[in-house]
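As structure tokens, the structure follows; a few thoughts come after it.
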Amino acid sequence: MGLARRTVWGRQFWQLSGGYFSPRRSWRPLLTVALILLLTLAGVRLQVLFSNWYNTMYSALQDLNEAGFWLAMWLFAALATVHVVRSLLDYYVQQAFIIHWRSWLNDQLLGRWVDERAYYGTQHLEKGIDNPDQRIQYDVTVFAESSLSLSMGVVDALVSTVAFTLILWGLSGPLALFGTEIPRGMVFLVFAYVLVATVFAIKIGRPLILLNFLNERFNADYRYALVRLREYAESIAFYAGEKVEAALLRHRFAQVISNAWAIVYRSLKFLGFNFTVTQAAVVFPFIIQAQRFFSKQISLGDLMQTAQAFGRLQENLSFFRNAYDNFAAYRATLDRLTGFCTAIDQAARLPHPDIRPDGRHLSLEKLSVSTPAGVTLITDLSLDVSPGQALLIRGPSGSGKTTLLRAIAGLWPWCNGTIRRPDAAMLFLAQKPYLPLGTLREALHYPEPTSPADGTTPVADAETLGAVASANVEDAPKNLDQVLTFGPLHPTIATPSQPTFSDQRAHEVLDLVQLGHLSSRLDEVADWSRILSLGEQQRLAFGRILLARPAVAFLDEATSAMDEGLEDAMYRLIKQRLPDTLLVSVGHRSTLVRHHPVQLNLEGKGAWKISND
């Protein structure tokens with residue numbers, strides 16, 4: 001707790017995982033840590049026993065004691081068996097602990113990112129957050145694994161240092177240095193040797209903290225640019241923008257490579273220094289103890305145990321020096337995750353519009369909307385729209401039409417006034433509808449889940465994945481993409497038949513929005529945003545209205561890709577099928593006027609006017 005309060009990285013760690021280790025939530029993580037610690041200490045004890053075994057075995061060889069030698073072999077068998085069992089148990093407990101920890105931390109960060117709409121709110125921050133996907137997916141994994149490995153490494157190093165210092169203390173003799181005889185001098189020598197080496201290693205390796213941070217950032221930026229190339233492939237192809245995109249990708253990749261070379265050069269200095277220090281330490285115990293061995297003051301077993309204890313002690317004391325680059329990468333991961341949490345907190349502190357639930361009405365009372373820079377878009381807007389009515393919002397580009405919809409939805413921070421609207425049962429249709437990866441049925445029902453009833457997604461369990469992986473080992477080197485079949489939203493093995501939901505209703509809706517030719521493909525998994533034209537996507541969105549039956553539907557240029565005949569048909573369809581649904585549309589076409597008796601005209605600079613036809 002002291003480290004968590006007094007050090008920066010300790011506070012960062014506690015900010016991320018304090019809740020996981022809280023006894024109020026569960027004692028299981030603390031008990032698991034205690035078990036891992038016990039297994040680590042048992043490992044240290046086994047190392048001490050192996051050290052004593054080396055002494056016994058080599059002494060038996062020196063004395064030509066055959067019985068003692070074979071007794072040492074039986075002792076080794078027992079120690080080795082315990083060591084194997086302890087190592088396997090330690091591996092399982094640590095991996096299980098990491099998996100549970102990752103799951104909890106992923107759930108916490110994902111919940112804050114999605115449930116609190118931080119994924120949208122952070123766009124309004126003066127300094128946004130780069131690559132949140134990587135921070136949730138990759139950095140969480142590194143954080144959990146590195147936290148455990150480094151912490152147990154520290155414990156192992158400290159406990160082993162004490163244990164092997166005692167062994168070396170008993171084996172070492174006086175050391176003459178510059179005419180002065182130092183009792184137990186080897187012990188003091190190894191501490192001084194490692195301390196000086198650690199100071200120099202930290203100084204050499206310190207730049208690796210920033211370089212590792214930049215490595216993650218540059219790689220994530222490069223991946224994001226590649227994803228955008230795929231996402232906007234058609235637009236880029238129409239523009240023939242390959243040269244520009246290639247130049248951008250090469251520039252971002254050049255940043256990755258430049259930083260990679262910087263890491264290589266710095267690591268060469270760091271590793272070169274560490275290798276030199278480590279190799280120089282190998283012969284020290286033999287040189288120092290040689291005179292005592294040849295004068296028969298110590299046995300061969302004592303000499304070998306001295307070398308082994310010295311090496312182990314030097315390794316333990318050098319843990320922080322050798323693992324400095326790991327600590328550097330860990331610190332960079334901490335900075336990225338805490339920066340992610342800070343951005344979420346900042347987004348949560350943004351102002352929120354005053355939204356009050358009010359049955360099925362939409363009412364705005366002296367609503368003023370501005371840009372982040374303080375430019376007024378709408379001043380003191382008041383209006384009331386009743387169920388079954390239709391409101392059309394018109395105005396020149398930049399007058400705040402879409403921003404007004406964002407304010408009503410509760411997404412726009414820079415507004416004042418009161419918004420009264422239904423607390424639920426609302427649906428917003430954008431100019432380009434969002435179609436999730438998965439089946440056409442899921443796209444049609446979005447944002448409502450289609451299966452299972454609780455909205456969760458079935459996944460292949462570990463046993464099934466392991467069985468499939470084992471069954472296909474003999475197929476190597478077959479392309480592994482062809483071995484396992486994973487649907488985008490429902491990862492399964494061998495793609496079992498997907499559950500259906502309201503088939504008759506879904507077919508009827510597709511027919512009504514003139515997409516009946518897609519009825520046979522309802523359960524086909526595909527990237528439908530690439531398969532369907534924009535006009536078809538907009539008609540599919542109208543199908544969502546028919547299925548959801550919202551109290552209020554907001555349509556932002558939702559028919560821009562349709563011809564006037566289809567537009568008229570879609571609005572008539574909504575009016576006939578959902579006569580009590582309140583429609584609020586944003587659009588430029590004059591053909592929309594006939595479907596909206598009430599028009600709100602935004603005239604710019606805060607001015608507005610309501611007209612009735």
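The values are calculated or read from the model by the stated rules, or taken from the named source; none is laboratory data. Owing to the predicted nature of the structure, the values given are computational and were not obtained by experimental measurement. Reconstructed Cβ throughout: ideal geometry from the backbone, glycine too, with neighbour counts over all protein chains shown. Protein only, heavy atoms only, side chains kept; ligands, DNA and RNA dropped before computing areas. Shrake-Rupley method; radii C 1.70, N 1.55, O 1.52, S 1.80 Å.
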I need the helices (runs of 4 or more DSSP H) fully contained in segment 178-278, keeping only those with at least 1 residues that are over 15 Å from A329 (Cβ atoms) and among the acidic types (D, E).
208-231, 233-239
G398 fails exactly one of the following numbered conditions: (1) at positive phi; (2) open to solvent by less than 50 Å² (accessible area, probe 1.4 Å). What is the number of that condition?
(2)
If we scan segment 246-266, do we find a residue that is touching a Gly at 6+ places or on another chain (Cβ under 9 Å), surrounded by 12 or more Cβ atoms within 10 Å (Cβ to Cβ) and in contact (Cβ under 8 Å) with a residue 24 or more places away in the chain?
yes
Across segment 53-103, what is the number of residues that are more than 27 Å from A34 (Cα to Cα) and either at pLDDT 90 or above or open to solvent by 40 Å² or more (accessible area, probe 1.4 Å) (or both)?
18
When (1) of a type outside the set (D, E); (2) at pLDDT below 90; (3) within 30 Å of E231 (Cα to Cα); (4) surrounded by fewer than 14 Cβ atoms within 10 Å (Cβ to Cβ) are applied to S611, the one that fails is (3)
Could you identify the single residue in T165, T141 that is among the polar types (S, T, N, Q), in contact with a Lys or Arg (Cβ under 9 Å, 6 or more places away or on another chain) and either surrounded by fewer than 20 Cβ atoms within 10 Å (Cβ to Cβ) or in a helix (DSSP H, G or I) (or both)?
T141
Residues being without any contact (Cβ under 8 Å) to a residue 24 or more places away in the chain, more than 17 Å from R577 (Cα to Cα) and not charged (D, E, K, R): count how many of those fall in segment 503-523.
4
Quick test for you: out of R544, R505, pick the one residue that is among the basic types (K, R), modelled with pLDDT of 85 or more and surrounded by fewer than 18 Cβ atoms within 10 Å (Cβ to Cβ).
R505
Before we move on, is H588 surrounded by fewer than 21 Cβ atoms within 10 Å (Cβ to Cβ), touching a residue at least 60 places away in the same chain (Cβ under 8 Å) and touching a Phe, Trp or Tyr at 6+ places or on another chain (Cβ under 8 Å)?
no
Any hit, segment 108-115, residues being buried (at least 16 other Cβ atoms within 10 Å of the Cβ) and over 20 Å from P447 (Cα atoms)
yes
Sort out which residues of segment 551-568 are within 18 Å of L392 (Cβ to Cβ) and buried (at least 18 other Cβ atoms within 10 Å of the Cβ), and write them in order of number.
V552, A553, F554, L555, D556, E557, A558, T559, M562, E567
Of all residues being in a helix (DSSP H, G or I) and of a type in the set (G, A, S) in segment 556-583, which is modelled with the highest pLDDT? Just the residue, please.
A569
Among the residues of segment 359-377, write down those that are aliphatic (A, V, I, L, M) and touching a residue at least 24 places away in the same chain (Cβ under 8 Å).
L362, L364, L367, V369, L377
